[in-house]
1. For the range 180-252, which strands (runs of 3 or more DSSP E) that fit wholly inside it have 3 or more residues that are β-branched (Val, Ile, Thr) and at pLDDT 95 or above?
2. Can you report the number of residues in the range 1-42 which are part of a loop (DSSP other than H, G, I, E, B), closer than 13 Å to Val59 by Cα and open to solvent by 90 Å² or more (accessible area, probe 1.4 Å)?
3. Just give me the residues in the range 227-239 being out of contact with any Asp or Glu (no Cβ under 9 Å at 6 or more places or on another chain) and either over 18 Å from Arg201 (Cα atoms) or open to solvent by 10 Å² or more (accessible area, probe 1.4 Å) (or both), in sequence order.
4. Exactly one condition in (1) in a helix (DSSP H, G or I); (2) open to solvent by less than 10 Å² (accessible area, probe 1.4 Å); (3) touching a helix residue (DSSP H, G or I) at 6+ places or on another chain (Cβ under 6 Å) is not met by Leu147; state its number.
5. Given the criterion charged (D, E, K, R), touching a residue at least 60 places away in the same chain (Cβ under 8 Å) and surrounded by 14 or more Cβ atoms within 10 Å (Cβ to Cβ), identify the matching residue among Glu51, Glu93, Glu111, Glu106.
6. For the condition modelled with pLDDT of 85 or more and not aliphatic (A, V, I, L, M), what is the one hit in Gly30, Gly60?
Amino acid sequence: MHLDRLMTVLESVAVAGRAVTAPEVQQTTGLPRPTCYRLLQTMAEHRLLNEPEPGRYLVGERLVRLALLGQSDFDVCQAAAPTLREAANQFGEAVFLSRYRNKGVEIIHVETPKDIAQSFVHPGLGFRPMHACSCSKVIAAFAEDWLQEEILAGPMRCYTPNTKHEPKALREELSNIRKVGFAECVEEIEIGVSSVATPIRIGNIGAKFSVGTTGPVRRFTKERRAGLGYNLSVFAEKVALTLQMHGVPQTE
């Protein structure tokens, strides 16, 4: 079957762990040369394979996206938990993992600091508005253009006087988030509470996850939010690498 041959080629490229040439794939699979070359070209056209240089192939961003989206919440949380726990203990604040799905963002896991002598704010689990929460805005900022336009065109509920509900203001904020690399929520959902989040990016597939931390505004000063944004990006990279090691193919 055509699908069997396609999967044979994909598996050959994936297990190599590096960019492979068409002759190498043909030799590994044993497929007729014209068939092998045709399948490689077709899959490259559909972004199932990437061609970092002419004649060499890697697992493509479309396949990486499918593998990433196919991971269960349980697997993702299990993989990310140690890194989030490390961040929570370093910051002395709750740290949370969020995931994009069904045109929305949901907090799926929270780690709290080991030292219980200091109070902290637990963000809870569940969906967050795309226009108001840091974990949502940072994913929106690195999303495809069509998704950003959909968010900007949709209803934007005012949760507090600080909630941005005008498309122009939100568009400017998303642009700034892309520049600085992290998003902030300063009393936009709840008075007295602030949060910071950074995207978890894998290859060229955008940000389908984010990692954030939340706390009282008296501790989350402008200077501290900037520092948290920088430090969170380091932990986000760790989570991205961990997710790759737990079943998501790597790309260059």
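1. Ranges flagged: 193-201, 207-216.
2. 1
3. Listed by number, the residues that qualify are Gly227, Tyr230, Asn231, Ser233, Val234, Glu237.
4. Condition (3) is where Leu147 drops out.
5. Glu93
6. Gly30
Each row is one residue, and each column tells you yes or no for (1) modelled with pLDDT under 95; (2) over 20 Å from Glu237 (Cα atoms); (3) in contact with a Pro (Cβ under 8 Å, 6 or more places away or on another chain).
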site	(1), (2), (3)
Gln78	yes, no, no
Gln118	yes, yes, no
Ser134	no, no, no
Ala153	yes, yes, yes
Glu166	yes, yes, no
Ala169	yes, yes, no
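The values are calculated or read from the model by the stated rules, or taken from the named source; none is laboratory data. Since we're looking at a predicted model, the values are computed, not measured. Reconstructed Cβ throughout: ideal geometry from the backbone, glycine too, with neighbour counts over all protein chains shown. Each accessible area value is taken on the protein alone, full model and side chains, heavy atoms only, with ligands, DNA and RNA left out. Shrake-Rupley method; radii C 1.70, N 1.55, O 1.52, S 1.80 Å.
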